[in-house]
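Let me begin by presenting the structure, written as structure tokens, before commenting on it.
The values are calculated or read from the model by the stated rules, or taken from the named source; none is laboratory data. For clarity, every value in this text was computed on a predicted model and none was experimentally measured. Cβ: placed from backbone, ideal geometry, glycine included. Neighbour counts: every protein chain shown. We work out accessible area using only protein heavy atoms, side chains counted, and drop any ligands, DNA or RNA first. Shrake-Rupley method; radii C 1.70, N 1.55, O 1.52, S 1.80 Å.
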Amino acid sequence: MRLTILGGGGFRVPLVYQALLGDRGTGRITSVALFDTDRTRLTSIAAVLRQQAAGVADAPVVTETTDLDEALRGADFVFSAIRVGGLEGRTIDERVALDLGVLGQETVGAGGIAYGLRTVPVAVGIAQRIAAVAPEAWVINFTNPAGMVTEAMIPYLGDRVIGICDSPSGLGRRAALALGVDPSTAFYDYAGLNHLGWLRGLRSGGVDRLPALLESSDALSSFEEGRLFGADWLRSLGAIPNEYLHYYYFARETLAAVQAVQQTRGKFLLEQQSAFYAETVRHPERALELWQKTRAERESTYMVESREVADAGERDERDMAAGGYEQVALSLMRAIAHNERASLILNVRNRGVLHHLDDDAVVEIPCTVDANGALPVTVSQLTDHQAGLICSVKAVERSTIEAAVGGSRDAALRAFAWHPLIDSVTAAHKLLDEYAARLPELSAFRV
Ligand code: G6P
Ligand code: MN
């Protein structure tokens with residue numbers, strides 16, 4: 001089996017490779033093609049992978065290329081984990097928004113729209129190449145904003161493209177462990193869009209255990225989302241939101257906290273990762289060690305401002321160590337390749353499951369996966385509150401896609417103005433103008 005990783009020089013690629021090294025079953029991935037537009041990053045990450053593979057018998061063979069078609073030829077699976085505009089682009093996404101008084105974050109609010117505007121055209125181009133060169137391949141989309149990007153690729157790849165994120169399964173696992181339930185045996189009644197969903201039930205042994213979790217203050221304070229949102233608010237909601245909903249439910253506090261720090265998340269990662277790649281060029285023999293150190297720092301500071309707002313303390317060791325990101329991807333590949341039925345929360349077409357959304361809307365929802373791909377399963381319907389937020393943000397995603405694909409300035413403006421975290425049309429105008437001025441990929445939106 002051959003796996004192609006687009007964004008193969010990306011910092012989290014070694015996580016995926018580590019998971020592949022641990023997979024000893026028949027029909028496992030035997031060759032990995034790394035594609036990236038940046039040769040230096042590719043060389044650094046390939047050095048990390050070589051050191052990971054040292055001493056492992058039958059480790060997947062790794063090749064590197066900057067030629068997309070060459071990378072795609074013969075692929076059984078394609079992981080797309082690209083970052084258009086790099087971390088430099090991410091810092092502009094954040095800075096422009098914060099300077100105009102709204103949240104600047106990778107996927108939520110204005111920052112997510114700017115990121116979507118420059119990523120969607122590239123993702124569509126990739127989807128077209130996959131359809132032409134590797135039409136049989138399954139495409140696993142990690143690229144953020146993951147729901148929007150997956151929806152943009154579907155017209156070219158149909159249901160062979162599946163979006164993934166580790167946040168929902170991480171939430172499910174943490175909630176199950178807080179109840180003393182084995183996470184692999186539970187059913188998670190989770191639904192929403194990527195980075196905008198709720199866990200509304202957790203069934204184990206035929207019983208919904210979520211009410212018991214919501215009752216227990218001790219159990220709630222034992223995990224991240226319980227501490228972020230607080231027991232009282234979770235009881236009022238009757239559900240546990242995805243961690244990214246903290247930016248909505250505590251909008252003014254999280255905005256103030258993110259504005260108060262000198263360095264945005266993107267800026268921190270830009271400096272941290274630039275140092276890692278530069279250092280690895282100088283000391284390739286230390287690539288793995290440098291990568292491990294950098295990764296530990298990244299994990300421990302994830303969503304640090306939100307945790308400060310909620311006084312939620314340090315991150316849990318288990319969350320930093322647990323292989324959420326790479327395990328979701330590996331489980332999905334194995335279920336498809338081996339026709340081994342698995343239940344995973346994925347970004348797929350709604351197909352009538354959630355009544356408030358149309359069939360083609362990409363939603364994040366539990367799916368049954370086997371050799372035929374991922375099929376969403378029945379979950380409880382959205383409440384009016386959940387549906388209201390989801391439909392608003394789906395309209396934002398679709399306007400962003402329309403603007404990115406067709407170049408419509410009106411559609412781009414609507415995307416900013418309709419977002420629940422952007423409070424004025426005037427601000428939307430300013431955001432669009434400033435992003436267009438500062439991001440070369442958005443120069444077509446300049447007036
Ligand atoms: C979570 C999110 C991802 C995001 C990642 C890293 O896993 O679900 O979408 O890419 O965190 O976030 P960071 O701020 O470290 O880049
Ligand atoms: Mn995610």
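Below are the figures for this structure:
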{"quantity": "Qualifying positions in the range 322-373 - on the phi > 0 side of the Ramachandran plot and without any contact (Cβ under 8 Å) to a residue 24 or more places away in the chain", "calculated": "GLY352"}
{"quantity": "Close pairs (8 angstrom Cβ cut-off, 6 or more residues apart or separate chains): over 12 Å from PRO14 (Cβ atoms) and free of Cβ contacts under 8 Å to residues at least 12 places away in the same chain in the range 273-292, open to solvent by less than 60 Å² (accessible area, probe 1.4 Å) and of a type in the set (Gly, Ala, Ser) anywhere", "calculated": "none"}
{"quantity": "Qualifying residue in the range 218-237 (condition: without any contact (Cβ under 8 Å) to a residue 60 or more places away in the chain, surrounded by fewer than 22 Cβ atoms within 10 Å (Cβ to Cβ), under 20 Å from CYS367 (Cβ atoms) and more than 16 Å from ligand 2 (Cβ to nearest atom))", "calculated": "no"}
{"quantity": "Any hit, the range 124-137, residues being more than 13 Å from ligand 1 (Cβ to nearest atom) and within 17 Å of the chain's Cα centre (by Cα)", "calculated": "no"}
{"quantity": "Filter pass, ALA427 being open to solvent by 10 Å² or more (accessible area, probe 1.4 Å) and either within 23 Å of the chain's Cα centre (by Cα) or of a type in the set (A, V, I, L, M) (or both)", "calculated": "yes"}
{"quantity": "The range 189-212: number of residues that are away from ligand 1 (no atom under 16 Å from the Cβ) and of a type in the set (Ser, Thr, Tyr)", "calculated": "1"}
{"quantity": "Pick from the range 136-160, criterion more than 16 Å from ligand 2 (Cβ to nearest atom) and not in a helix (DSSP H, G or I), ranking: surrounded by the fewest Cβ atoms within 10 Å (Cβ to Cβ)", "calculated": "GLU136"}
{"quantity": "Condition met for ALA219 (modelled with pLDDT of 95 or more, aliphatic (A, V, I, L, M), closer than 20 Å to THR378 by Cβ and more than 16 Å from ligand 1 (Cβ to nearest atom))", "calculated": "no"}
{"quantity": "Lone unmet requirement of (1) open to solvent by 40 Å² or more (accessible area, probe 1.4 Å); (2) charged (D, E, K, R); (3) assigned to a strand (DSSP E or B) for GLU364", "calculated": "(1)"}
{"quantity": "The range 168-188 - residue that is open to solvent by 10 Å² or more (accessible area, probe 1.4 Å) and touching a residue at least 40 places away in the same chain (Cβ under 8 Å) and, of those, nearest to ligand 1 (Cβ to nearest atom)", "calculated": "SER169"}
{"quantity": "Residue match in the range 105-125 (condition: within 25 Å of ALA371 (Cβ to Cβ), open to solvent by 10 Å² or more (accessible area, probe 1.4 Å) and among the β-branched types (Val, Ile, Thr))", "calculated": "no"}
{"quantity": "All positions within the range 399-424 that are open to solvent by 10 Å² or more (accessible area, probe 1.4 Å), among the aliphatic types (A, V, I, L, M) and without any contact (Cβ under 8 Å) to a residue 60 or more places away in the chain", "calculated": "LEU413, ALA417"}
{"quantity": "The lone exception for ARG351 - which of (1) within 19 Å of ASN194 (Cβ to Cβ); (2) at pLDDT 95 or above; (3) open to solvent by less than 30 Å² (accessible area, probe 1.4 Å) it fails", "calculated": "(3)"}
{"quantity": "Output for the range 390-439, where each listed residue is small (Gly, Ala, Ser) and assigned to a loop (DSSP other than H, G, I, E, B)", "calculated": "GLY407, SER408, SER424"}
{"quantity": "Wholly within the range 243-298, helices (runs of 4 or more DSSP H) carrying at least 2 residues that are surrounded by fewer than 16 Cβ atoms within 10 Å (Cβ to Cβ) and within 16 Å of ligand 2 (Cβ to nearest atom)", "calculated": "none"}
